[in-house]
Amino acid sequence: MTRLVLGRILISKMTERLFKLIEKIVPNKWHWVLQHEGHKRYFANMSWMFGGQMFSLLVSFFIGAWVARYLGPENYGVLNYSIAFVGIFGFIATLGIDSILNRELVKTPERKEELLGTSFLLKLIGGAIAFSLAILSVLIFQSEPRIKILVSLFAFSFILQSVNVISIYFNAEVKSKNNVRASIIATIISSI
């Protein structure tokens, strides 16, 4: 068997064991909740999200500590300053439509193509505006070349954030396994 199949079997067995353990703790009148397929699906979805988040946090912690040690105080300060400078413009890139898109995808799944396309376009435009404002601001307020370069690199991520509408779609469909797998792969690649 492949590793993927073995991983699925392992996760399903762990989920079953966890549900059996919870059945022992929960009073009998609430056992119907544990037997409901929808609840099992949401619990599995939540487990994937939790596992992916924990993986990302652990990797980020160790990579962050290694980068801080490698760069030293001055260069690490420059890196963090650049990230904070770019972060000022982050709200423009998302336009606050993530939760709205999620809600609308759940309420009206028949309009998913229209909602996803419009959200992608809005986030792309917002990302381009945020990128432009970050570049313009760093050119006006900073004279150090390496800060300008770092801000330019980090600000470019605003444009790439428009692809996150795919993640929002999978969250609305309660299929976070795909998101978590992609997130883990992205974390590993970016950490390398």
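Where the second residue is charged (D, E, K, R) and exposed (fewer than 12 other Cβ atoms within 10 Å of the Cβ) and the first is touching a residue at least 60 places away in the same chain (Cβ under 8 Å) and in the same structural domain as ILE88 (by TED's automatic domain parsing) and lies in segment 133-147, which pairs have Cβ atoms under 7 Å and are six or more apart or on separate chains?
Correct list of pairs: empty, since none qualify.
Do you know which residues across segment 80-114 are among the aromatic types (Phe, Trp, Tyr) and at pLDDT below 90? Walk me through how you get there before you give the answer.
Applying the first criterion (among the aromatic types (Phe, Trp, Tyr)) to segment 80-114 yields 81, 85, 89, 91.
PHE91 - this is the single residue of segment 80-114 that is among the aromatic types (Phe, Trp, Tyr) and at pLDDT below 90.
Please specify each residue of segment 164-192 satisfying the condition of being within 16 Å of LEU57 (Cα to Cα) and not in a helix (DSSP H, G or I). Even if it seems obvious, please write down each step before you answer.
Here is the first cut: in segment 164-192, the ones within 16 Å of LEU57 (Cα to Cα) are 179-192.
Of everything in segment 164-192, just one residue is within 16 Å of LEU57 (Cα to Cα) and not in a helix (DSSP H, G or I), namely ILE192.
Considering only segment 140-163, how many residues are in a helix (DSSP H, G or I) and touching a helix residue (DSSP H, G or I) at 6+ places or on another chain (Cβ under 7 Å)? Reasoning before the result, please.
Within segment 140-163, the subset in a helix (DSSP H, G or I) is 140-141, 145-155, 157-163.
Those still in the list that are touching a helix residue (DSSP H, G or I) at 6+ places or on another chain (Cβ under 7 Å) too: 146-148, 150-152, 154-155, 158-159, 161-162.
Summing the residues that are in a helix (DSSP H, G or I) and touching a helix residue (DSSP H, G or I) at 6+ places or on another chain (Cβ under 7 Å) in segment 140-163 gives 12.
Counting only residues that are in a loop (DSSP other than H, G, I, E, B) and among the β-branched types (Val, Ile, Thr), which one in segment 80-98 is surrounded by the fewest Cβ atoms within 10 Å (Cβ to Cβ)? Give the steps one after another, and end with the answer.
Looking only at segment 80-98, we keep the residues that are in a loop (DSSP other than H, G, I, E, B), and these are 88-89, 95-97.
With the extra rule that they be among the β-branched types (Val, Ile, Thr), the set shrinks to 88, 97.
Working: ILE88: 12, ILE97: 17.
Top of the filtered list is ILE88.
If ALA128 satisfies all but one of (1) part of a helix (DSSP H, G or I); (2) without any contact (Cβ under 8 Å) to a residue 24 or more places away in the chain; (3) over 30 Å from TRP48 (Cα atoms), what's the number of the condition it fails?
Every condition holds for ALA128 apart from (2).
Conditions tested, residue by residue: (1) surrounded by 12 or more Cβ atoms within 10 Å (Cβ to Cβ); (2) touching a Cys at 6+ places or on another chain (Cβ under 9 Å); (3) touching a residue at least 60 places away in the same chain (Cβ under 8 Å).
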residue: TYR70; (1), (2), (3): no, no, no
residue: VAL78; (1), (2), (3): yes, no, yes
residue: ILE100; (1), (2), (3): yes, no, no
residue: VAL106; (1), (2), (3): yes, no, yes
residue: LEU116; (1), (2), (3): yes, no, no
residue: LEU122; (1), (2), (3): yes, no, no
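The values are calculated or read from the model by the stated rules, or taken from the named source; none is laboratory data. Remember, predicted model here, so these are calculated numbers, not experimental data. Virtual Cβ from ideal backbone geometry, glycine too; neighbours counted across all protein chains shown.
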